[in-house]
Amino acid sequence: MNPEPGNGKASATARRQFLFDAARLACGVGLLGAGLALYAKQSRALPPLAIRPPGALKEDEFLGACIRCGLCVRDCPYDILSLALPEEPVATGTPYFVARQKPCEMCEDIPCVKACPTGALNHRLKDIGKAKMGLAVLVDQENCLNFLGLRCDICYRVCPVLDRAITLEQRLNPRTGKHALFIPVVHSEACTGCGKCEKACPLEVAAIKVYPLDIAKGEPGKHYRLGWVEQQKAGKSLVAPDTPHQYNLPEGMRYESGKGLSPSDAPPAGTPPGAAADRPRALQGGKL
Amino acid sequence: MSRGIGAQALATKGWLKSHQWLLARRASQLGILALFLLGPLAGVWIVKGNLTFSYTLNMLPLTDPFVLAQSLLARHWPETKALIGAGIVLAFYALVGGRVFCSWVCPMNPVSDAAAWLRERLGIRGGAHVSREARYWLLALALLLAAASGTLAWELVNPVSLLHRGLIFGLGATWALVLAIFLFDLFVMKDGWCGHLCPMGAFYSLVGKFSLLRVRATRRAACDDCLDCYVVCPEAQVIRPALKGVDGAGPTILSGHCSNCGRCIEVCAKDVFEFGLRRPLAAAPAQPRVPRVSPAAGKSL
């Protein structure tokens with residue numbers, strides 16, 4: 001604002017008008033922004049049936065990286081990918097496929113990833129066998145024909161990672177008591193999420209389905225360690241050799257690491273005579 | 001003087017001469033769209049993709065820098081291909097004028113032009129008033145949302161990319177958004193979307209702030225104040241300084257909002273305007289001849 005000399009009143013009105021206009025704009029844009037932010041938040045949720053192309057970054061990162069150009073769609077030789085329309089529940093313009101309609105054919109040269117100009121489909125994926133588009137889950141164990149004792153096995157047979165992503169585990173058929181069940185078991189480290197099993201499932205609605213990883217997988221707490229894994233990593237037990245167990249042992253018994261329980265003839269080694277009497281009752285051994 | 005807009009130019013120059021740039025723009029818009037459609041419709045893959053990123057003849061990448069800016073703010077570093085594409089596009093528009101994108105390429109331009117034309121025909125006046133600066137607020141909003149959400153939030157609703165992608169990959173419900181903007185421009189606000197709100201236009205106006213190719217009111221002395229150029233110009237405020245020499249301004253239209261559409265050139269019976277180059281390092285403006293207009297007077301244009 002450039003107040004002109006000699007008309008202070010006019011410039012005050014203009015200034016006021018300017019402030020009003022600015023406030024009005026800020027409100028309008030703020031309102032729009034709030035709406036858009038809510039919409040954007042909603043469209044982060046990928047519906048379970050929409051599977052991203054191979055090499056797609058984690059959904060959160062993908063939505064910031066994919067510029068929705070559709071080159072992956074164009075370079076897919078099997079034409080399985082489509083860009084989400086505004087009315088579809090996938091972030092508008094982003095690529096996805098529905099396994100039950102057209103599963104990924106797992107091209108060895110991965111043309112969709114090569115075509116991506118931004119790396120939303122990660123160019124470090126060179127081996128399609130390492131793709132993690134999703135994870136097959138045998139959702140319906142009540143209607144799966146193999147669970148019913150039949151030898152359908154179709155999901156097992158069509159799997160491109162044959163005998164590694166899906167294996168058949170034998171179990172006794174409790175219904176007949178003498179036959180076997182061949183239970184399809186999916187192994188997440190080998191499954192690429194291509195969706196061939198879901199496509200091929202002969203049921204009216206597939207019993208085995210491919211879900212995005214964050215839906216299909218559980219995750220233990222970050223602090224959680226598996227003792228046997230840690231032991232293997234370290235090459236030895238990470239637990240300090242037991243000090244003599246003194247808690248809740250049967251009367252007159254003692255425990256030694258590696259030997260188990262034994263009658264307590266002598267006081268445990270290392271305990272100075274008389275020390276036991278000073279301890280709280282709970283630590284004196286024997287039942288409480 | 002005849003009442004119709006451009007009637008004088010039509011009488012003196014003939015239909016073709018008084019519509020040449022309009023025809024050229026429609027040819028450019030349709031031609032670009034045709035190039036994109038040739039692949040999916042006829043299987044001739046000269047250009048793949050859409051306006052956010054395209055790959056021509058498997059060698060020329062072109063990236064929309066506005067979308068890429070959002071992606072960068074969402075903290076994703078793209079592959080080199082996308083960066084090179086954005087560099088080429090930025091360099092091109094920095095030379096020929098940022099908003100050349102708006103009037104020569106953007107698929108929303110025919111929609112908004114149609115609304116403006118019909119509005120004129122039906123004699124619809126008035127409507128909401130929103131400052132033309134609103135687009136910068138929306139630009140800030142789009143960039144802010146990208147940074148805050150880590151996603152391309154604006155691209156969920158950006159009518160420009162939605163429409164272009166829709167025309168090539170399947171329209172879906174995009175038509176409803178485009179129709180809404182058409183009706184908004186027709187009934188609520190003249191040049192509402194392209195001239196007041198579109199953040200992409202705001203972005204490109206900044207890109208072309210110092211561009212070389214400009215419309216110049218070279219023969220402004222011949223202006224007979226018929227106002228036809230103001231009526232056809234979707235950014236009418238850019239004309240006055242150059243045409244009337246406000247504050248001693250030279251004859252070159254310097255605003256980043258001029259989209260070099262050329263309508264003022266062809267609609268002028270006196271041939272006041274022409275395309276030209278910005279005079280490099282123009283001399284400091286001479287003494288003001290016309291006093292600076294007050295903001296209120298500026299708005300009425």
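Mind checking which strands (runs of 3 or more DSSP E) fall wholly inside the range B:38-99 and carry at least 1 residues that are at positive phi and within 12 Å of another protein chain (Cβ to nearest Cβ)? Before you say what the answer is, go through the steps one by one.
Numbers: elements: B:47-50, B:53-56, B:60-63.
Counting at least 1 such residues, we get B:47-50.
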Restricting the range B:162-172 to residues that are more than 20 Å from B:A115 (Cβ to Cβ) and in a helix (DSSP H, G or I), the residue that is nearest to the chain's Cα centre (by Cα): B:R165
Being within 10 Å of chain B (Cβ to nearest Cβ), farther than 21 Å from B:H164 by Cβ and at pLDDT below 90 narrows it down to one residue among A:L25, A:L19, A:L57; which is it? A:L25
Taking the condition in a loop (DSSP other than H, G, I, E, B), outside the structural domain of B:V111 (by TED's automatic domain parsing), modelled with pLDDT of 90 or more and of a type in the set (V, I, T), does B:V293 pass? no
Residue pairs, Cβ under 7 Å, 6 or more apart or interchain, first in the range B:173-193 and outside any helix (DSSP H, G or I), second among the charged types (D, E, K, R). List them. B:A173/A:E87; B:K190/B:R119; B:D191/B:D185
Within the range B:135-153, how many residues turn out to be facing chain A (nearest Cβ under 7 Å) and of a type in the set (F, W, Y)? 1
Being touching a Phe, Trp or Tyr at 6+ places or on another chain (Cβ under 9 Å) and of a type in the set (D, E), is that true of even one residue in the range B:70-88? no
If you go through the range B:30-58 one residue at a time, how many are buried (at least 18 other Cβ atoms within 10 Å of the Cβ) and either in contact with a helix residue (DSSP H, G or I) (Cβ under 6 Å, 6 or more places away or on another chain) or aromatic (F, W, Y) (or both)? 9
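Scan the range A:238-248 and tell me whether some residue there is assigned to a strand (DSSP E or B), at pLDDT 90 or above, surrounded by 15 or more Cβ atoms within 10 Å (Cβ to Cβ) and on the phi < 0 side of the Ramachandran plot.
Filtering the range A:238-248 down to residues assigned to a strand (DSSP E or B) leaves A:245.
Filter again for at pLDDT 90 or above, leaving none.
Scanning the range A:238-248 turns up no residue that is assigned to a strand (DSSP E or B), at pLDDT 90 or above, surrounded by 15 or more Cβ atoms within 10 Å (Cβ to Cβ) and on the phi < 0 side of the Ramachandran plot.
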Evaluate the range B:218-231: report whether one residue or more is crowded, with 19+ Cβ neighbours inside 10 Å and either touching an Asp or Glu at 6+ places or on another chain (Cβ under 9 Å) or within 14 Å of another protein chain (Cβ to nearest Cβ) (or both). no
Could you list all residues from the range A:125-155 that are loosely packed, with under 14 Cβ neighbours inside 10 Å, touching a residue at least 24 places away in the same chain (Cβ under 8 Å) and in a loop (DSSP other than H, G, I, E, B)? A:Q141, A:R151
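For residues that are more than 14 Å from chain B (Cβ to nearest Cβ) and either hydrophobic (A, V, I, L, M, F, W, C) or in a strand (DSSP E or B) (or both), tally how many sit in the range A:98-124. Give the derivation first.
Filtering the range A:98-124 down to residues more than 14 Å from chain B (Cβ to nearest Cβ) leaves A:98-110.
If we keep only those that are either hydrophobic (A, V, I, L, M, F, W, C) or in a strand (DSSP E or B) (or both) as well, we get A:98-99, A:104, A:106-107, A:110.
Number satisfying all stated conditions: 6.
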Give the residue that is surrounded by the most Cβ atoms within 10 Å (Cβ to Cβ), with candidates limited to residues of the range A:28-54 that are touching a Ser or Thr at 6+ places or on another chain (Cβ under 8 Å) and facing chain B (nearest Cβ under 10 Å). A:A40
Please indicate, with yes or no, whether at least one residue in the range B:183-200 is surrounded by fewer than 19 Cβ atoms within 10 Å (Cβ to Cβ), aromatic (F, W, Y) and within 13 Å of chain A (Cβ to nearest Cβ). no
Which condition number does A:E88 fail, the rest of (1) farther than 24 Å from B:V47 by Cα; (2) more than 11 Å from every other protein chain (Cβ to nearest Cβ) being met? (2)
Of residues in the range A:72-93 being farther than 15 Å from A:I128 by Cβ and in contact (Cβ under 8 Å) with a residue 40 or more places away in the chain, the one farthest from the chain's Cα centre (by Cα): A:R74
Answer from A:A99, A:A115 - the residue that is in contact with a strand residue (DSSP E or B) (Cβ under 6 Å, 6 or more places away or on another chain) and in contact (Cβ under 8 Å) with a residue 40 or more places away in the chain: A:A99
Residues of the range A:63-85 that turn out to be crowded, with 24+ Cβ neighbours inside 10 Å and either among the basic types (K, R) or more than 8 Å from every other protein chain (Cβ to nearest Cβ) (or both), as a count: 2
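Residue by residue, here is whether (1) surrounded by 13 or more Cβ atoms within 10 Å (Cβ to Cβ); (2) in contact with a Pro (Cβ under 8 Å, 6 or more places away or on another chain); (3) part of a loop (DSSP other than H, G, I, E, B); (4) among the basic types (K, R) holds:
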{"position": "A:Q170", "(1), (2), (3), (4)": "no, no, no, no"}
{"position": "A:E198", "(1), (2), (3), (4)": "yes, yes, no, no"}
{"position": "A:A206", "(1), (2), (3), (4)": "yes, no, yes, no"}
{"position": "A:Q232", "(1), (2), (3), (4)": "no, no, no, no"}
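Any residue at all in the range A:174-193 that is under 30 Å from B:L72 (Cβ atoms) and either in contact (Cβ under 8 Å) with a residue 40 or more places away in the chain or within 14 Å of chain B (Cβ to nearest Cβ) (or both)? Working first, answer last.
Kept after step one, since they are under 30 Å from B:L72 (Cβ atoms), are these residues of the range A:174-193: A:193.
Next cut, either in contact (Cβ under 8 Å) with a residue 40 or more places away in the chain or within 14 Å of chain B (Cβ to nearest Cβ) (or both) only: A:193.
Yes, some residue in the range A:174-193 is under 30 Å from B:L72 (Cβ atoms) and either in contact (Cβ under 8 Å) with a residue 40 or more places away in the chain or within 14 Å of chain B (Cβ to nearest Cβ) (or both).
The values are calculated or read from the model by the stated rules, or taken from the named source; none is laboratory data. This is a predicted model, so every value here is computed, not measured. Don't worry about glycine lacking a Cβ; one is built from the backbone with ideal geometry, like all the others, and counts go over all protein chains shown.
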